[in-house]
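Notes follow the structure.
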Amino acid sequence: MAPSLVVHARRGAAVLATAAALSTAVVPAAVADGSPSPAAPGLYGTTDPKFDGVFRQSLAFMAQSTAGVTPAKQAVDWLAGQQCADGGFPGYRADTSKACDPKKDEFTDATAAAVQGLAAAGGRADAVKKGLDWLKAHQNEDGGWGYQAGSPSDANSTSITLGAFAAAGQDPAKDAVKNGKNPVETLLTFQLGCDAKEEGERGAFAYLKDDKGLRADNLASAAAALATRGKGYLVEPPKKDADQPVKPLECSGDDKAGPKDAAAAAEAVDGYLVATMDKNGGYLLPSMPGAPAKPDQGNTADAALALAAGGHRSAAEKPLKWLQSKESGTAEWAKDQPGRLAKLILATRAAGGNPHDFAGTDLVEQLNATGPAPEKKATGGMGTEEKKDDDSVTVNVWWIVGVGLAFGAGIGFLISGRKKKQQL
């Protein structure tokens, strides 16, 4: 298989493992039965969890934590129960009594998301530690992570993993250095600088490195915008009186250099996201090659979250406004989909909005309704209720077939909402 085709297939497999996970996607009918396994009590949502069960559950816990909601013990048990003996997580496994196959069942994105979700739910310090230990054990020699053990490092998996360390209170630039390789610095090697082929791609991040060089990717860019700031999916809204202007990457003359450090990289990618959304009319498009040029709600929500993380409140409000418009179709897109609802809650709150009134819709109540009744709900306000004590805290052939089915059905674009995710 030609190198470019190998990369394409690899990216496609990663996507299915996380597109559904990032909740921008709907799993192809050819590989979904429309309902979760009867053996999955506690799982949020009723669509087939084969690709995104762990990811959507994790996002749900993070979103609920921002609204002062404590998920049911049954729901937390379900997520913790998905963990494999060695600490890694699958996209979903129906039979948890069956041992995981490390070579085909465990995924970086799912593990990193689960670490963030369990940290947000609280009380599962052992599971969080095991997840982090698995991530460290499967870190690539270059300091980054691929979507599966042994896969080349990619910007999305590396970004989500950096967010997992941050969620557990660790500094990956210190606590996840391998062979002298700082994973944050590794992530920066995926950023397009002043030498980008297209001026409009300056500051963007590529998903993978291939024989054709770096190609701007909206999904990877939004993920990296969080990771370069040491953030996971949980982002506190910036103060109204501390709104920071976005500063695009400045290039002059024969300057081919890019951002010099993580802080500069974060500002540069924010500039790319803002310019790209302004050009489109307030939203992002899918990144997957061949995808229809139609608005991508998942990517747009990711961008709003990323801009809020940078203190760019005004810039974050613009995509949020588009998401709430009738023209965007976001309300219908997210209806009864826990992963998507969770992403909207996280982005709305971070951008200064009210998830209880998203264009007249209470996103929090909708999310709660997709799973077991919460153990506790917030009694008022939008503040985060204090969580429970945290006790201190390859590619399988089947996946490739799934990718083929997705593209054959004309829905390969579904991947752009989390690699790994759309996991929403």
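The values are calculated or read from the model by the stated rules, or taken from the named source; none is laboratory data. Since the model is a prediction, treat every value here as computed from it, not as a measurement. Positions of Cβ are backbone-derived with ideal geometry, glycine not excepted, and every protein chain shown enters the neighbour counts. Just so you know, the surface numbers come from the protein's heavy atoms only, side chains and all, with ligands and any DNA or RNA stripped out. Shrake-Rupley method; radii C 1.70, N 1.55, O 1.52, S 1.80 Å.
Observations, loosely collected:
- Exclusive hit being surrounded by fewer than 24 Cβ atoms within 10 Å (Cβ to Cβ) and not polar (S, T, N, Q), set A242, A265, A222: A242
- Scoring P237 on the criteria (1) farther than 25 Å from P152 by Cβ; (2) not in a loop (DSSP other than H, G, I, E, B) leaves a single failure, condition (2).
- Scan of the range 60-99 for residues that are touching a helix residue (DSSP H, G or I) at 6+ places or on another chain (Cβ under 7 Å) and in a loop (DSSP other than H, G, I, E, B), ordered by number: A67, V69, P71, Q82, Q83, D86, G87, G88, P90, G91, Y92, T96
- Unique match (being over 18 Å from D52 (Cα atoms), more than 19 Å from the chain's Cα centre (by Cα) and acidic (D, E)) among D95, D86: D86
- The C-beta contact set for the range 89-105 (first residue at pLDDT below 95, second residue open to solvent by 80 Å² or more (accessible area, probe 1.4 Å), distance under 7 angstrom, 6+ apart or interchain) comprises K103/T394; K104/T394.
- Contact annotation: no residue pair with Cβ atoms under 6 Å, 6 or more positions apart or on different chains, pairs a residue in the range 222-244 that is closer than 24 Å to T189 by Cα with a partner that is in a loop (DSSP other than H, G, I, E, B).
- Looking only at residues of the range 294-318 that are within 17 Å of K240 (Cα to Cα) and not aliphatic (A, V, I, L, M), we find that the one that is most open to solvent (accessible area, probe 1.4 Å) is K318.
- Among the conditions (1) part of a helix (DSSP H, G or I); (2) crowded, with 19+ Cβ neighbours inside 10 Å, the only one that D278 does not satisfy is (2).
- Look at the range 165-188: where a residue is within 16 Å of R229 (Cβ to Cβ) and a partner is in a helix (DSSP H, G or I) and β-branched (V, I, T), sitting 6+ places away or on another chain with Cβ atoms under 6 Å, you get A173/V184; L187/T158.
- Sole residue being part of a helix (DSSP H, G or I), in contact with a helix residue (DSSP H, G or I) (Cβ under 7 Å, 6 or more places away or on another chain), open to solvent by less than 60 Å² (accessible area, probe 1.4 Å) and at pLDDT below 95, chosen from L405, L367, L414, L344: L414
- Selection status of A137, under 21 Å from E106 (Cα atoms), among the small types (G, A, S) and surrounded by fewer than 16 Cβ atoms within 10 Å (Cβ to Cβ): yes
- Inside the range 140-159, residues that are of a type outside the set (S, T, Y), crowded, with 24+ Cβ neighbours inside 10 Å and in contact with a strand residue (DSSP E or B) (Cβ under 7 Å, 6 or more places away or on another chain) make up a count of 2.
- All positions within the range 319-341 that are of a type outside the set (G, A, S) and either closer than 16 Å to G371 by Cα or crowded, with 24+ Cβ neighbours inside 10 Å (or both): P319, L320, L323, T330, K335, D336, Q337, P338, R340, L341
- Within the set G144, G163, G213, the sole residue that is in contact with a Lys or Arg (Cβ under 7 Å, 6 or more places away or on another chain) and not charged (D, E, K, R) turns out to be G163.
- Total residues in the range 184-207, condition more than 17 Å from P248 (Cα to Cα) and either in a helix (DSSP H, G or I) or open to solvent by 20 Å² or more (accessible area, probe 1.4 Å) (or both): 5
- When we screen S23, S37 for residues that are at pLDDT below 95 and on the phi > 0 side of the Ramachandran plot, the only hit is S23.
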